[in-house]
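Asks: Handing you this structure, nothing more for now.
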Amino acid sequence: TDPEKSIARNTLGALDAEDYPLAEAFSKVSGLPAVMDNNVRALFAAQMFEARDKTSRSQFFIRCEYGIGAALSIGSEIWPGSTGTCSEIGHIPVIRRGGKPCSCGKSGCLETIASPAAILEDARAILSPERTPVLWKTAQAKGADALDVTDVLDAARSGDKGVAEVVDRAVGALGTALKAVLYTVDPQKIVLYGKIFDNSYYLSRLLADMNEGIDAGHGAVVIEKSPYNQTLEDKAAAVLMAVAFMGNGGMRE
């Protein structure tokens, strides 16, 4: 997204268009002024508003749902980057050849391995009574198409070796990316947002992975699940409007 120009640079397949004037389209439909920003930055703005955390002036906020997105704050201000794409961590290519295609048009991106959707897809790909007996039993009870990532994580927790390998591969890829953030950006805090982080098995695996290969100083970085996990979607829009309104001196336009 390009908030300053109120256009969506790449809708990642949601719309068959690039450089789409999204805010203008909403204004025409509603008859009201509209502002826009990257969805993860908007969630992060809501997180910062709710937390009012004055001690953490540099934070890295990562959302892991269908895909993986992130946002970065420096000096308590969210940094969009020079092109508005700061912290698109989900689209870092982690497989150079033979990776799965990504919604962004590349292949082998982090979210093709580490997102909940990718974990579910990879677990379904190896589904069998021999290799994944626990997940197979669940699939027989509810149907393979009805499986979700929670079923996958429960199967891994229950001893499905093949499924556990899929989960560990995803956790390892995400952990490696977050360690790169620690060494590159050196934030005071990493905030985790998304339904998958409510799963104790997955969260414990990720935190364990994050503890490996980190120097003492970086090991002091706070890594925590957002205390507002899965509650910020509605608030994000309100915070975005308030920030735009106050940034314009309290004027409508």
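Asks: With the crude spin-label approximation of a point 7 Å out along Cα→Cβ, what separation in nm comes out for residue 57 versus residue 185?
Replies: Placing both labels 7 Å along Cα→Cβ, they lie 1.7 nm apart.
Asks: Amide H of residue 79 versus every other amide H placed in the peptide plane: which residues, excluding those fewer than 5 positions away on the same chain, fall under 5 Å?
Replies: 72, 73, 74
Asks: Mind checking the full-extension length gain between residue 215 and residue 107? Use 0.36 nm per residue of separation minus the Cα-Cα distance, one decimal, nm. If you can, show how the numbers build up before the last one.
Replies: Numbers: separation 108, 0.36 × 108 = 38.88 nm, distance 3.16 nm.
Length difference between fully extended and current span is 35.7 nm.
Asks: A follow-up question, please. When the dipole is taken about the Cα centre of the stretch 96-146, and only Lys, Arg (+1) and Asp, Glu (-1) are charged at their Cβ, what size is it in debye, to the nearest 20?
Replies: Numbers: 8 positive and 5 negative charges, 33 e Å.
Result for the stretch 96-146 is approximately 160 debye, rounded to the nearest 20.
Asks: Also, quick follow-up: Show which lysines lie in cross-link reach of residue 28 when reach means a straight Cα distance below 22 angstrom and same-chain residues fewer than eight apart are skipped.
Replies: Cross-link targets: 5.
Asks: Just flag the GluC sites (Glu not before Pro) in the stretch 104-163 sitting in loop per DSSP whose Cβ has no more than 15 other Cβ atoms within 10 Å. Please report the intermediate quantities before stating the final value.
Replies: Working: sites: 111, 121, 130; in loops: 130.
Hits after loop and neighbour filter: 130.
Asks: Okay, moving on. Any idea how far the Cα center of the stretch 211-232 sits from the one of the stretch 105-122, in Å?
Replies: Between the Cα centre of the stretch 211-232 and that of the stretch 105-122, the gap is 22 Å.
Asks: Sticking with this one: Given R₀ = 51 Å, FRET efficiency for residue 234-residue 124 by Cβ-Cβ distance, to 0.05? Intermediate values should be presented prior to the final figure.
Replies: Values: r = 32 Å, r/R0 = 0.62.
The value I calculate is 0.95.
Asks: A further question on this structure: Pairs 137/161; 179/225; 106/161: which are spaced more than 23 Å apart, C-alpha to C-alpha? Don't skip to the end; give the middle numbers.
Replies: Values: 137/161 14 Å; 179/225 16 Å; 106/161 30 Å.
Flagged as over cut-off: 106/161.
Asks: Expressed as a rounded percentage, what relative contact order does the stretch 123-187 have, with Cα pairs under 8 Å and six or more residues apart? Show your work: numbers first, answer last.
Replies: Details: 47 pairs, mean separation 18.4, N = 65.
Contact order relative to length: 28 percent.
Asks: Any idea of the accessible area per residue across the stretch 141-206, 1.4 Å probe, to the nearest Å²? Write out the running numbers ahead of the final one.
Replies: Working: 2670 Å² over 66 residues.
In whole numbers, the stretch 141-206 has 40 Å² accessible per residue.
Asks: Can you pull out the trypsin sites (Lys or Arg not before Pro) in the stretch 122-211 that DSSP calls coil and that have at most 14 other Cβ atoms within 10 Å? Kindly include the intermediate steps, with their values, before the conclusion.
Replies: Working: sites: 124, 131, 137, 142, 157, 161, 169, 179, 189, 195, 205; in loops: 131.
Those that pass, being in a loop and sparsely packed, are 131.
Asks: Further question on the same structure: Report the local net charge at residue 207: Lys and Arg +1, Asp and Glu -1, summed over other residues whose C-beta lies under 12 Å from its C-beta. Working shown, then result.
Replies: Working: positive: 205, 225; negative: 209, 212, 224.
Computed value for this residue: -1.
Asks: Please identify the trypsin sites (Lys or Arg not before Pro) of the stretch 30-116 that satisfy two criteria: DSSP loop assignment and at most 12 other Cβ atoms within 10 Å. Which are they?
Replies: Qualifying residues, ordered by number: 52, 54, 96, 97.
Asks: Ok, one more. Out of 207, 223, 196, whose Cα points farthest toward the positive end of the dipole of the stretch 186-233 (charges: +1 Lys, Arg; -1 Asp, Glu; placed on Cβ)?
Replies: 196
The values are calculated or read from the model by the stated rules, or taken from the named source; none is laboratory data. Predicted, not measured: the structure shown is a model, and the values here were computed from it. Glycine gets a Cβ as well: all are built from the backbone with ideal geometry, and neighbour counts include every protein chain shown. For accessibility, only protein heavy atoms count, side chains too; no ligands or nucleic acids. Shrake-Rupley method; radii C 1.70, N 1.55, O 1.52, S 1.80 Å.
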